[in-house]
Amino acid sequence: MKKLLSLSVVALLVFALTACGLTPSGNGSDVTSAGKIGVSMPTQSLQRWNQDGSNMKAKLEDAGYTVDLQYAGDNDIPTQVSQLENMISGGCNVLVIAAIDGSSLSNVLESAKSAGIPVIAYDRLIMNSDAVSYYATFDNWLVGTLQGRYIADALKLDSTPGPYNVELFTGAPDDNNINFFFGGAMEVLQPYIDSGKLVVPSKQTSKEQCATTGWNTEASQTRMENLISSNGYGPNGTKLDAVLSSNDSVANGITNALVAAGYTAEDFPIITGQDCDKPTVKNILAGTQAMSVFKDTRTLADQAVNMVDAILQGGLPDVTDTETYDNGSGIIPAYLCEPVVCTTENYKSLLIDSGYYAESDLQ
Ligand code: BGC
């Protein structure tokens, strides 16, 4: 009887709390939450953004916030704009945004600014808007230099005569990050191209020629197929020593084209990447991609949550860079997380031991 009574007291209490919007966990309602945070991600079609989105949501909820997490279809700009409009009218206190097109959000962010809602640019800088307060990202220039340096070291450019053949790929032209990825990689590779030790047989060396719309795997595959046929690359044809790729989704298209052209793990050109997506790590283990750059999305989410906390508590977020990231309306203070090269040598400690993936994810 006593037990029955106490059960009904608990039930009553839960009912009363829920009716007031005061859920015991404190996560499901605006009343108890520390604030409402809009998190806008570009796409669910790439593993990394799913990981970013769910990390952010979990960490913000742990910190007591209510989260409105939205993915803009498959990189659909009008969808991202309308999701942001809803976050603004829905009472979000801070917006965390990974923009599809860094330059297409100026108008919607004007409304955020008028409503007094601070904006954190997440991973990609949002251009031409004075509504952006902070930028949480990785050291994107370093991502590029790590890829360039990897190719230079793997081909022993400093100690062998060469020349070596290389082709170059970067990502979406509307993603500000490619200026850093491609710029960083070319800072390392250009001197070797200038000295003739590295040759780009297609002569496609500008950022525009090397861009991949939407970071799309099919697009990079098609371009690689065209490069194969126009330059005669193949295991028994013109030697292709390396392909610079700014990320994994682009690298996967390159790999598909090279496999179809007959390359095997034994004679595969050196291919770079970024993100350590699961299919890519499998390719690294199989010998069809040499490296990826690991950007631990858990660390980035932590920094974005720290920024949200500081902003809402009236403090100043930690930043590591107050000079580099000019978005056209001024310098945006940024926190840069550290990217790390991942190969067969260290994938276990980076990805498995750290709990990022289970060993079974990579089988
Ligand atoms: C991100 C990369 C990602 C790419 C494609 C870039 O802005 O920094 O991590 O691979 O977008 O989604």
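Electrostatic tally near THR43: other residues with Cβ closer than 11 Å to its Cβ, Lys and Arg +1, Asp and Glu -1, net -2.
So, in Å, what gap is there between the alpha-carbon centers of the range 125-141 and the range 287-348? Answer, in whole Å: 11. Estimated from helical segments only, the mean residue ellipticity of the chain at 222 nm is -13000 deg cm²/dmol, where each DSSP H run of four or more residues counts as -39500 (n - 2.57).
Provide the packing ranking of 191-198, 71-78, i.e. peptides ordered by the mean count of other C-beta atoms within 10 Å per residue, highest first. It would help to have the intermediate numbers written out before the result.
Details: 191-198: 15.0, 71-78: 17.5.
Packing order, densest peptide first, comes out as 71-78, 191-198.
In a simple Cβ point-charge model (Lys, Arg +1; Asp, Glu -1; nothing else charged), the chain has a dipole of about 660 debye relative to its Cα centre. Along the axis of the charge dipole computed for the range 140-294 (Cβ charges of +1 for Lys and Arg, -1 for Asp and Glu, origin at the Cα centre), the listed residues VAL293, ASN140, LEU157 are led at the positive end by LEU157.
Once you sort the root eigenvalues of the Cα gyration tensor of the chain as a ≥ b ≥ c, which label holds: rounded (a/c under 1.5), prolate (a/b larger than b/c) or oblate (the other case)? It comes out prolate by the Cα gyration axes.
The 1.4 Å probe gives accessible areas that order SER103, SER159, largest first, as SER159, SER103. Rolling a 1.4 Å probe across the protein heavy atoms gives the chain an accessible surface of 42 Å² per residue.
By the scheme Lys and Arg +1, Asp and Glu -1, what is the net charge of all other residues having a beta-carbon under 12 Å from that of VAL94? Don't jump to the answer; show the numbers that get you there.
Working: positive: LYS36; negative: ASP68, ASP309.
Result for the neighbourhood of VAL94: -1.
With a threshold of 21 Å on the Cα-Cα distance, the over-threshold entries among LYS59/LYS348; LYS278/LYS348; LYS36/LYS57; LYS57/LYS348; LYS295/LYS348 are LYS59/LYS348; LYS57/LYS348. Just want the answer: with Cβ charges of +1 for Lys and Arg and -1 for Asp and Glu, which residue in THR205, THR222, TYR233 is farthest toward the dipole's positive end in the range 140-294? It is TYR233. For a test of the definition: using alpha carbon positions, the gyration tensor, and the 1.5 limit on a/c, classify the range 140-294 as rounded, prolate or oblate. It is rounded, given that a/c, with a ≥ b ≥ c, falls under 1.5. Each Lys and Arg Cβ is given +1 and each Asp and Glu Cβ -1; about its Cα centre, the range 140-294 then shows a dipole of about 220 debye. For helix 140-154, report the angle its Cα long axis makes with the longest principal axis of the Cα atoms of the chain; keep it between 0 and 90° and round to the nearest 10°. Tilt relative to the chain: about 30 degrees. The portion of the accessible surface of the range 48-94 made up by carbon and sulfur, rounded to a whole percent, is 45 (1.4 Å probe; DNA, RNA and ligands excluded).
When the solvent-accessible area of the range 140-294 is split by element, carbon and sulfur atoms take up 52 percent of it, the probe being 1.4 Å.
Modelled label positions at SER230 and LEU316, each set 7 Å beyond Cα in the direction of Cβ, lie 5.1 nm from each other. Between the amide H of ASP68 and those of ILE37, GLY38, VAL39, distances stay under 5 Å, these residues lying 5 or more places away or on another chain, with hydrogens modeled in the peptide plane. Per-residue 3J(HN,Hα) values for the range 224-230, derived from phi via the Karplus relation 6.51 cos²θ - 1.76 cosθ + 1.60 with θ = phi - 60°, read 5, 4, 5, 5, 4, 6, 7 Hz in sequence order (x marks Gly and Pro). Listed by chain and number, the lysines placed with their C-alpha closer than 26 angstrom to that of LYS239 are LYS156, LYS197, LYS203, LYS207, LYS282; residues fewer than eight positions away on the same chain are left out.
The values are calculated or read from the model by the stated rules, or taken from the named source; none is laboratory data. Just so it is clear, the structure is predicted and the values come from calculations on it, not from any experiment. As a convention, Cβ positions derive from the backbone with ideal geometry for all residues, glycine included, and neighbour counts pool all protein chains shown. These accessible areas exclude ligands, DNA and RNA; they are computed on the full protein's heavy atoms, side chains included. Shrake-Rupley method; radii C 1.70, N 1.55, O 1.52, S 1.80 Å.
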